[in-house]
Each structure stands twice: as C-alpha cells, then as structure tokens.
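The values are calculated or read from the model by the stated rules, or taken from the named source; none is laboratory data. Computed from a predicted structure; not experimentally measured. A quick note on method: Cβ atoms are made from the backbone with ideal geometry, for glycine too, and the neighbour counts reach across all protein chains shown. Surface accessibility is based on the protein's heavy atoms, side chains included, excluding ligands, DNA and RNA. Shrake-Rupley method; radii C 1.70, N 1.55, O 1.52, S 1.80 Å.
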Amino acid sequence: MTENGNHSPIHQSCLAPGDSNVNDSRSLKTSSVDPKSCREHDDALKLTARNAEGEINPYQPRPPSLPRLSKSNKRVSVEETVRTRRLRNSQESLSDPVETGSSTDSLREDQTAPPLGGFVPIRTDQESKARSLSAVTKESPVFRDSGSSLSEYERRPQSQQSDPTDHRVRPAKLRLSPVQPMGTLPALEKSFASATLRATNRIDRDCVDYGVLAREKLGERLHRNLSDSRLLENMGSDSASVDSLRSTYSVLSPIRPQDVRNRSFLEGSVLGSGALLGAEELDRHFPHRRVGIYIATWNMQGEKGLPSNLDDLLLPTDSEFAQDFYIIGAQEGCPDKKEWDTRLQETLGPYYVMLYAASHGVLYLTVFVRRDLIWFCSEVEHATVTTRIISQIKTKGAVGIAFTFFGTSFLFITSHFTSGDAKVYERVLDYNKIIEALALPKGLPDTNPYRSTASDVTTRFDQVFWFGDFNFRLCKARVDVEDIMNSTMGGEMGPLLEHDQLSKEMKEGSIFKGFQEAPIHFLPTYKFDVGCDIYDTTSKQRTPSYTDRILFRSRQADDIKVVKYTSCSSIKTSDHRPVISVFQVKLRPGRDNIPLGAGQFDRSLYLEGIRRRITRELKRREAMKNQSSSSSICTVS
C-alpha cells in the first residue's frame with residue numbers, strides 16, 4: 001500500500017490485461033512470492049519508468065505466452081499460474097545484469113513452447129523492437145549456444161535455491177551462460193601484427209630481388225640471393241612502428257651510446273656483437289652466408305662502336321634474380337674506357353654502383369656492387385702486370401682487383417695471354433709471370449697468412465676468380481672440329497674438350513694450379529665473322545676454340561658453387577662471344593681491423609648512367625606516342 005491508500009505498483013503489474021478486480025489482487029497477495037522479490041520488482045519498475053521518459057528500453061518486460069499445465073500434485077488454477085509466471089519473468093528480466101539472455105530466451109520460448117488454446121498475445125511497438133533485437137542477437141555467432149547453458153534457477157546462489165521437494169511452478173526457459181572457449185586458445189605467432197604496424201620493416205615488394213617464392217622452402221632454387229629474405233619470412237612485431245630500435249626484426253641494429261664512445265673499429269673480435277663486419281651483421285644481411293657474383297669476360301676486338309644494348313650481357317632473361325656483385329673484364333677494349341664504364345652503369349641501373357675500375361692498356365676490369373652493400377667492403381686495391389718484352393706495349397698482361405667483403409677476401413684477375421695455335425709454352429710463361437708479379441694485397445690484411453705463398457698471389461686470398469682471353473686452342477683440324485660439333489647432342493662438349501690445350505695443361509699441373517672450371521656446355525667462342533654466327537671464313541680459316549674462359553679457386557673446399565656457365569651468343573660486334581658465369585660464394589665474418597672503404601663509389605658515373613636511362617625512356621615513349629598518332633591519321637586520295 002502507498003501513502004494514499006492505493007495498491008502498490010507491483011500488484012497492478014501482476015494483473016493480466018482486463019483483470020482489475022480486487023479479488024484477483026487479493027489472490028495475488030496470497031501467491032508464493034516473497035517480499036524481497038517484490039522490492040526488487042519495485043526498483044526495476046521505477047528504472048523502467050525513467051527509461052520510458054527518455055528513450056525506449058528494448059528490454060521492457062512483455063506479457064509472456066501461456067504456460068503449459070503443471071504436473072504438480074497441488075491443484076493450481078490456470079489463471080493463478082499465469083499470474084505467478086508473469087511475475088517471475090518480470091523479476092528475472094529486470095534483474096538480469098547482462099540483459100541479452102532475456103531477449104534471446106524469449107524468442108526461444110516462442111519457438112519451442114506454443115501457447116495453449118491458440119492464444120497469441122498482442123504485441124506492442126516496444127515488444128516488436130525487443131523481439132527484432134533478440135532475433136539479431138540469436139543470429140550472432142557470439143551468442144550462439146555453447147553447449148554449457150544453465151537455467152536461471154541453477155545459476156542462483158545456493159541460498160536462493162528452493163528445496164527440491166518444493167513443487168511450485170518454476171520458469172521453464174533457459175538462460176544462456178557467458179560464452180566460454182571450448183578449448184585452449186592458439187598461441188600467437190610472430191606475424192600477428194597488422195600490415196599498418198610494419199611500416200618500419202616494410203620491404204619494397206616492387207623489387208623482384210626480394211621475392212620469396214614457396215618453392216624456396218623445397219630447395220628448388222640454386223641461388224637464394226639477397227639479404228633480407230629471412231627477415232621477410234619472420235617479420236612482424238607489434239612494436240615495430242612504435243619503437244624500431246627495440247624490435248627484434250628491425251633491419252637496422254640498435255647502437256648503444258657506450259659503443260659509440262668506445263668503439264674505434266681498429267681492433268675487434270670475429271664474434272664481437274658490435275663488429276660492423278661481425279657474425280651478427282653478416283647473418284642479418286646474408287642468412288645463408290652466401291653472396292651472388294656475376295662475372296663476364298669479353299674480347300671486344302678494339303671496336304669503337306659498342307652494342308646498342310648490353311642487357312643480354314649483364315641481365316639475361318633466363319636468370320631469376322640479379323646478383324650482388326658484377327665483375328666485367330674486357331680484352332682489347334674500346335678506345336673510350338669512360339664510355340664503356342658509363343654504358344655498364346646505364347645497363348645495371350640505380351640498384352648498383354661502381355665500386356672500382358682499373359685498366360692496363362686495353363685491358364679493363366670493372367667491379368659493380370649493390371649500393372646497400374658498399375658499407376661492408378674494404379678499401380679496394382689493384383695491380384697490373386705486362387707480359388710483353390717491351391713494357392710500353394700494353395696489349396697482353398693482367399689486371400687484378402682485390403678487396404675484403406665482411407671477413408672474406410676476394411681477388412679478381414682478367415688477363416690476355418699470348419696468341420697463336422702452337423704457343424702453349426708462351427702462355428704458360430705468361431701465367432707464371434702474373435702470379436709472381438701481381439703485387440696484392442698491399443694494405444689489406446691477409447685473412448689466413450698461414451696458407452699464403454709469396455711466389456703465388458692466388459694463395460693470398462680466400463676466393464680467386466681468373467678470367468679472360470687465355471688463347472688456348474683446340475689441337476685438331478678445323479674439318480674434324482666441325483664434324484664433332486655437328487655430331488654433338490644436348491650440349492655435350494666432351495669430345496671437343498679432349499683436344500683442348502688448357503684442359504690438358506691443367507691436368508698436367510703446369511698452369512692454374514688449384515683452379516677449377518665448370519663443365520662447358522656451349523660452343524666455342526672463337527673465331528666468328530663479325531655480325532653473324534659463322535666461324536672464320538677468311539683465308540686463315542682458324543679452328544673454332546675455347547679461348548675465353550672463367551676459372552676459380554678457393555681456400556676452403558665447396559666454398560664456391562657454380563650456378564651458370566655459358567656464352568652470350570646475341571652480342572656479335574666482335575669475333576669473340578662473351579662468356580658469363582654466376583657463382584654462389586661462402587662468406588665469413590670479419591674483424592674490425594679491416595680498413596673499410598667508407599661507402600665510396602664513382603658518383604659522377606652513377607649520375608650519368610641514371611641520366612642516360614631517363615633520356616632513353618623518354619625517347620622511347622615519344623616514339624611510341626608519335627607512332628600511335630601517325631597510325632590514327634587517315635588520308636583520302
């Protein structure tokens with residue numbers, strides 16, 4: 001009772017529509033409803049009234065459908081059962097803290113328990129909104145039944161549960177328990193960060209160098225080049241873009257202020273974590289500790305005119321990736337060496353810079369390196385040797401370039417030996433003079449002095465590559481050589497190489513001691529008529545021979561692996577065909593006492609090469625534009 005003597009709101013809400021007599025309200029007072037539930041119901045109705053003044057509450061209680069007949073031994077009238085259940089549903093709906101179970105279960109109740117006698121309660125607008133919301137909730141996967149739902153009665157505290165022997169009517173609907181995982185959650189992987197959080201470690205995927213194919217994991221690739229392949233696979237850190245110095249997967253390693261104060265890079269250990277050329281930095285850029293080296297040798301016959309395009313020489317289409325180093329040796333080079341180097345830079349483009357170039361007369365040797373690797377190269381040294389009696393004539397001899405990359409020392413030699421079919425002995429003398437007179441290294445430390453010999457320059461470096469026009473011939477009549485070439489199938493050149501002078505001398509140990517050569521599967525590269533694929537048709541009728549060769553030597557076995565060894569048959573401006581080879585070379589960490597090159601390269605040559613590339617591209621686009629515009633013009637005669 002309120003202060004003015006009227007019935008309390010709880011008794012009015014418990015009445016069915018149209019039942020407003022006093023007898024019903026009195027019978028409700030005698031029903032099995034405890035005073036505590038009534039007080040909770042009063043508070044809930046006050047909250048509902050406040051919500052009604054502002055915005056519509058989608059969880060306002062609705063008249064439930066008629067319940068099924070209870071099987072209780074006590075005789076309870078249908079009308080009183082309806083009132084009791086309506087009261088309980090109202091209390092549970094308003095006291096539910098989650099409020100999602102009431103709408104969901106109300107929908108389920110309508111589907112599973114049809115009303116008795118075909119009675120369908122009339123729904124108000126608020127009820128329709130609440131039921132539509134419950135339908136959306138029903139379809140959501142978050143609110144689907146997880147198989148562990150408990151009724152409202154079972155979820156109550158033990159003190160509020162009634163005696164099992166109590167046969168009062170209880171609500172039959174089920175309450176959804178909070179969604180719980182069915183099993184243990186999977187462990188987070190390193191790649192859980194979104195793409196927007198990886199800005200610090202993002203690698204330019206437009207570069208084919210960084211492509212990581214699935215078949216790499218199956219070992220189908222002979223050459224896994226380029227430094228960041230492992231980083232690309234394992235990349236992903238939730239703090240990468242926030243704090244790159246703390247990121248384990250950052251491309252740049254963190255530098256401590258104390259290291260900046262103390263490190264002089266004049267002495268250090270191979271295993272030192274702060275060494276610029278140490279193991280940590282080597283593994284970061286070369287996870288497999290192998291570097292790709294591309295070598296090309298070509299006798300240019302002293303022609304003034306160069307090929308219009310050198311892509312086939314340096315960037316063949318059958319190669320999947322470009323290499324880290326490009327070493328080009330030329331014999332009888334063009335008169336303008338500067339133009340030759342500029343053409344090489346134009347062909348390789350902005351990804352590469354010229355680390356060093358040396359010459360001896362018409363012998364040219366040029367080294368290009370990926371521009372992001374110049375910081376790990378030492379100072380570069382070179383030396384030359386002439387094999388002519390008169391030293392002023394510099395057409396025959398050798399040029400050598402030496403440097404250290406991380407902890408591995410390299411020596412590249414290009415040479416031109418004495419020509420002539422029968423002058424094998426003179427060529428052996430040329431070789432011996434070069435290995436004794438080539439004064440390298442000068443200031444670079446020997447990485448393994450215990451295995452060095454003062455009389456042989458090739459023993460003072462870890463990896464040695466010697467290439468050029470060695471002028472060794474095939475000791476066979478031209479007719480017989482042509483017959484063998486015509487009868488060979490599938491690039492098997494064994495029958496030809498049985499008559500090769502160089503192979504014979506190497507087996508006897510008189511020349512190129514400790515060197516190896518990859519199997520030859522290409523035709524002889526000398527001597528052709530200029531501009532065609534026909535061997536010498538002049539009066540001399542020279543025998544086709546393998547004069548242009550690429551040999552290699554390593555201090556450790558299996559440090560050098562051959563990926564390719566072939567000739568470039570598309571360049572026909574000389575009587576020689578260029579010979580190219582691709583290697584994978586083992587790297588080792590270095591010490592801090594190696595004098596670094598400080599990232600020096602020929603900047604003027606780099607800019608000129610890029611300018612030419614841009615000019616060439618603009619001319620090509622202009623030509624295509626003029627061609628398209630001229631083809632669209634129609635003439636009427």
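Key figures for this structure:
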{"read-out": "Residues (within 15 Å of Val479 (Cα to Cα) and touching a residue at least 24 places away in the same chain (Cβ under 8 Å)) located in region 536-562", "value": "Asp536, Gln541, Arg542, Thr543, Pro544, Ser545"}
{"read-out": "Enumeration of residues in region 542-560 that are farther than 21 Å from Pro495 by Cα and either in a loop (DSSP other than H, G, I, E, B) or among the acidic types (Asp, Glu) (or both)", "value": "Arg555, Gln556, Ala557, Asp558, Asp559"}
{"read-out": "Qualifying residue in region 524-539 (condition: of a type outside the set (A, V, I, L, M, F, W, C), under 18 Å from Val428 (Cβ atoms) and at pLDDT 95 or above)", "value": "no"}
{"read-out": "Residue within region 587-596 that is surrounded by 19 or more Cβ atoms within 10 Å (Cβ to Cβ) and among the β-branched types (Val, Ile, Thr) present", "value": "yes"}
{"read-out": "Qualifying residue in region 460-472 (condition: more than 25 Å from Lys396 (Cα to Cα) and either touching a strand residue (DSSP E or B) at 6+ places or on another chain (Cβ under 9 Å) or surrounded by 15 or more Cβ atoms within 10 Å (Cβ to Cβ) (or both))", "value": "yes"}
{"read-out": "Strands (runs of 3 or more DSSP E) wholly inside region 349-446 containing at least 3 residues that are under 30 Å from Arg478 (Cα atoms)", "value": "408-416"}
{"read-out": "Enumeration of residues in region 485-502 that are crowded, with 18+ Cβ neighbours inside 10 Å and either in a helix (DSSP H, G or I) or among the hydroxyl-bearing types (Ser, Thr, Tyr) (or both)", "value": "Leu496, Gln501, Leu502"}
{"read-out": "Check on Tyr606, among the aromatic types (Phe, Trp, Tyr), open to solvent by less than 70 Å² (accessible area, probe 1.4 Å), more than 30 Å from Ile534 (Cβ to Cβ) and out of contact with any Gly (no Cβ under 7 Å at 6 or more places or on another chain)", "value": "yes"}
{"read-out": "Subset of region 536-555 [within 13 Å of Gly514 (Cβ to Cβ) and out of contact with any strand residue (DSSP E or B) (no Cβ under 7 Å at 6 or more places or on another chain)]", "value": "Arg555"}
{"read-out": "Residues satisfying the stated conditions in region 409-433, i.e. β-branched (Val, Ile, Thr) and crowded, with 24+ Cβ neighbours inside 10 Å", "value": "Ile413, Thr414"}
